[in-house]
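These notes are about the structure you will find just below.
The values are calculated or read from the model by the stated rules, or taken from the named source; none is laboratory data. Here the structure is a predicted model, which means the values were calculated and not measured. Because the Cβ atoms are built from the backbone with ideal geometry, glycine has one as well, and the counts that use them run over all protein chains shown.
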There are 2 protein chains.
Amino acid sequence: MNIQTLKGFRDFLPKEARKRQYVINTFKKVFESYGFEPLETPALEYEELLMGKYGEEGDKLMYRFEDNGKRRVALRYDQTVPTARVVAQYQNDLPMPFKRYQIQPVWRAENTQKGRYREFLQCDIDIIGISTPLADAELLTAVASSIKKLGFKKFKILINDRNVFKQLTDRGTVEVKNLPDVIRTVDKIKKIGREGVLNELGNKGYSTEVASYILQSLETQKVTPLIAEIFKYMEDMGVDSTCYEFYPLLARGLDYYTGIIFEVEIEGYTAGSVCGGGRYDNLIGMFAGKKVPATGCAFGFDRIMEAMEEANVFPANLETTKVLVTVFSEELANKSLEIASRLRAQDINTEIYLEPSATMEKQLKYADAKNVPYVVIVGEQEIANNTVILKDMQKREQKQISIEELVQDLLPARQGDSETSSE
Amino acid sequence: MNIQTLKGFRDFLPKEARKRQYVINTFKKVFESYGFEPLETPALEYEELLMGKYGEEGDKLMYRFEDNGKRRVALRYDQTVPTARVVAQYQNDLPMPFKRYQIQPVWRAENTQKGRYREFLQCDIDIIGISTPLADAELLTAVASSIKKLGFKKFKILINDRNVFKQLTDRGTVEVKNLPDVIRTVDKIKKIGREGVLNELGNKGYSTEVASYILQSLETQKVTPLIAEIFKYMEDMGVDSTCYEFYPLLARGLDYYTGIIFEVEIEGYTAGSVCGGGRYDNLIGMFAGKKVPATGCAFGFDRIMEAMEEANVFPANLETTKVLVTVFSEELANKSLEIASRLRAQDINTEIYLEPSATMEKQLKYADAKNVPYVVIVGEQEIANNTVILKDMQKREQKQISIEELVQDLLPARQGDSETSSE
């Protein structure tokens, strides 16, 4: 039997799971500070609801099957189509604008050789039902706050207005039907360089002059009135102006964007952008039978995790347990248990060693294996003195103190407190 | 097209999603205070790993299919079998005891007519790799703390020792092979009553005398030494003795329990127990090829939610947004945006109204629809005075104050603070 996970699927053992929770909680906190609210949709949907929404590739990569009731069903492929369903299904109950965040796994039968996973977390925020530049500005501000709150010092939101591409068709340089293809080519400029784009446009039948003209007209593009208005709002909301810039070569390949588009780059992280999005006014209404404007973005959760590791911005102490209280016999257990309860009552995460007959060495080894920073030793002698030994596992120091002192010592330092340590 | 969820699957709109998050966060906080650590496993596993682990019924209700790579796969049916796989797969990396919590959805093609769902959250804690009564006591203490922390005032953990049933076979009253069947019958006593159990035992061929003897010998059962030791530890950990009792008629139908078993009942909630578990020393080692003792339990998430609604123990203000800041024109927006930023900097969840041309009435209506408790009105006059109007949407009161006073007013009351409201 295969005692293993499926290819492209992952277990998250405590150490990794804690880091993921830290990132999720940070996102939630920032999203909620802007009034985004949680939404959850089911893992399975009717197949027909998802089919044809993600192009041919999407239909191929989707996990689809027949359930026990002979229904054709499919696993969640993204969070936007289910949200479009929600907007149609509950249109009378959802106050608009509907500002929602959604952080759930999606499933795609990707080729895993590229370091891609078949189950991965999507982390989306969207403002639905309103088309004002102020909504775009708020979205971008929330993005900047999120990235900052995660600990990244240097990052840049590259922002463009999808309408800058329209001049190419307005002037007749590119035929309307060919525009998406030209956009997809320009989108590769960071990967294949300027020459690469010119060559690819050449292969598509554009003369050297026209290809150059296309690139140059984008490169010299001035900030559009829409972008100028959004930037003004972002400034009013206090976003540091070094965090964002107008970048007219940003294209984002997807056809459905109708207004601003943007991507977030972390300085020093070269695997790609960690967040991307824009305005897409024609998508969310697909099931509602009417136009529902929307602006939103998706954070690449795995890339965020990777970039945070590289930038070393995870907090030092994400361990669950702060203190291990030793137990040396069933008879002496009561003092240890009482101390553990007192510590927990002060919101100090406390484990007791669950095998009362174990040696001191074994108990300390367990604390080390789990990276528990403090051990409280409650032996026969300590109980007689009504004291404990507090051992700092990092510094390898220990001291004998009263139980009152112990509680004081282990309380997290509060703002405004003077030093209360008895060391 | 079906613009709806599949039968037995649910969307959670913000109001419900917030309540779920509140419960999940409360559980996590308590679990972590005892040193339980998060574990996540994939939604999909190899089918052969799950098949045959949940009885015939389980195999039938499992969502199973062939993936694009012709592998037979199945959706997570519970969290115990995947945990057993994790224990086998990473046995050299997991410090024992492994205390993990896991809160993920599982999928079962249940008959939905009984108010059952096909996708529901499981919430488990387990202590793996240790067989001491102290571990059982800690598990039970963590359960009591969780239920209390959720806000339930009156609840009872009914606790039994699976070994009390062994006396029935030891004395020859019941044949060993028939014991599970007798246990399943006794297990129904709360549903079908004493007479019901006696009748059912009669139908299974036990004489009236033997059936009565079976019930009576359980009813008069004294606390076993194991239970006595566990109760002693629970007392040492400060668990209120009115929260738990020895209940020798508790059977729990599942065959795999080997030691204590327990269920939690909330006073006044009649739909059933909200948590159940016990010691199961022969299950977790199934893939590791060795015996791995374990004790653990599962909280019924949907029942907990229902019982909390009935007992009215959800906090009053779970709304995401605390304040809506109005915006009355693009020109006046900057003051509103600046105020919103100042409030967010103080961790006050703040929305701005995203359509600057909307009437006051429309902006207030939005706040009402979203249950936002406060609205900050920033009109032309207020901007001229450098003041704002703070409107309390519940009390329907408003006052004109400075921006400094506004921030002070909206800060959550901190412990030890004197009253700072300027009302």
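Condition first: part of a loop (DSSP other than H, G, I, E, B) and in contact (Cβ under 8 Å) with a residue 60 or more places away in the chain. Now tell me which residues in region B:249-272 satisfy that.
Result: B:249, B:250, B:251, B:252, B:253, B:255, B:257, B:258, B:259, B:267, B:268.
Hey, among A:296, A:300, which residue is crowded, with 22+ Cβ neighbours inside 10 Å and not assigned by TED's automatic domain parsing to the domain that holds residue A:381?
Numbers: A:300 fails: crowded, with 22+ Cβ neighbours inside 10 Å.
Result of the check over A:296, A:300: A:296.
Among the conditions (1) farther than 30 Å from residue A:65 by Cα; (2) free of Cβ contacts under 8 Å to residues at least 60 places away in the same chain, residue B:86 misses just one, which is (1). Checking region A:250-258 against the condition returns a match, with at least one residue being in contact with a helix residue (DSSP H, G or I) (Cβ under 8 Å, 6 or more places away or on another chain) and under 17 Å from residue A:130 (Cα atoms). Among all positions in region B:150-159, there is no residue which is surrounded by 19 or more Cβ atoms within 10 Å (Cβ to Cβ) and under 29 Å from residue B:94 (Cα atoms). Is it the case, given these coordinates, that residue B:296 is within 14 Å of chain A (Cβ to nearest Cβ) and in contact with a Leu (Cβ under 8 Å, 6 or more places away or on another chain)? The answer is yes for residue B:296.
Residues checked against (1) touching a Cys at 6+ places or on another chain (Cβ under 9 Å); (2) among the small types (Gly, Ala, Ser); (3) under 14 Å from residue B:218 (Cβ atoms):
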| residue | (1), (2), (3) |
| --- | --- |
| B:151 | no, yes, no |
| B:162 | no, no, yes |
| B:165 | no, no, yes |
| B:171 | no, no, yes |
| B:174 | no, no, yes |
| B:178 | no, no, no |
| B:182 | no, no, yes |
| B:185 | no, no, yes |
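Counting only strands (runs of 3 or more DSSP E) that fall entirely inside region A:29-86 and contain at least 1 residues that are more than 10 Å from chain B (Cβ to nearest Cβ), the qualifying elements are A:72-75.
Only one of the numbered conditions (1) touching a residue at least 12 places away in the same chain (Cβ under 8 Å); (2) not assigned by TED's automatic domain parsing to the domain that holds residue B:145 is not met by residue B:281, and that is (2).
Taking strands (runs of 3 or more DSSP E) as the structural unit, those lying wholly within region B:359-415 and holding at least 2 residues that are free of Cβ contacts under 8 Å to residues at least 40 places away in the same chain and more than 19 Å from residue B:347 (Cα to Cα) correspond to B:387-392, B:397-402. Residues that are among the polar types (S, T, N, Q) and surrounded by 19 or more Cβ atoms within 10 Å (Cβ to Cβ) within region B:247-292 comprise just one, B:273.
Counting residues in region B:316-332 that are modelled with pLDDT under 95, away from chain A (no Cβ under 14 Å) and touching a Pro at 6+ places or on another chain (Cβ under 9 Å) gives zero. Among the residues that make up region B:119-140, is at least one of them surrounded by fewer than 23 Cβ atoms within 10 Å (Cβ to Cβ), among the hydroxyl-bearing types (Ser, Thr, Tyr) and farther than 20 Å from residue B:280 by Cα? No; the residues of region B:119-140 include none that is surrounded by fewer than 23 Cβ atoms within 10 Å (Cβ to Cβ), among the hydroxyl-bearing types (Ser, Thr, Tyr) and farther than 20 Å from residue B:280 by Cα. Residues in region B:367-385 that are surrounded by fewer than 21 Cβ atoms within 10 Å (Cβ to Cβ) and either among the hydroxyl-bearing types (Ser, Thr, Tyr) or on the phi > 0 side of the Ramachandran plot (or both): B:371 alone.
Are any residues in region B:7-28 assigned to a helix (DSSP H, G or I) and more than 7 Å from chain A (Cβ to nearest Cβ), and if so, which ones? Quick ask: steps written out before the conclusion?
Taking region B:7-28 first, the residues assigned to a helix (DSSP H, G or I) are B:14-28.
B:15, B:16, B:19, B:20, B:22, B:23, B:24, B:25, B:26, B:27, B:28, listed by residue number.
Conditions (1) within 30 Å of residue B:91 (Cβ to Cβ); (2) in contact with a Leu (Cβ under 8 Å, 6 or more places away or on another chain), marked per residue:
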{"residue": "A:4", "(1), (2)": "yes, no"}
{"residue": "A:20", "(1), (2)": "yes, yes"}
{"residue": "A:61", "(1), (2)": "no, no"}
{"residue": "A:67", "(1), (2)": "no, yes"}
{"residue": "A:70", "(1), (2)": "no, no"}
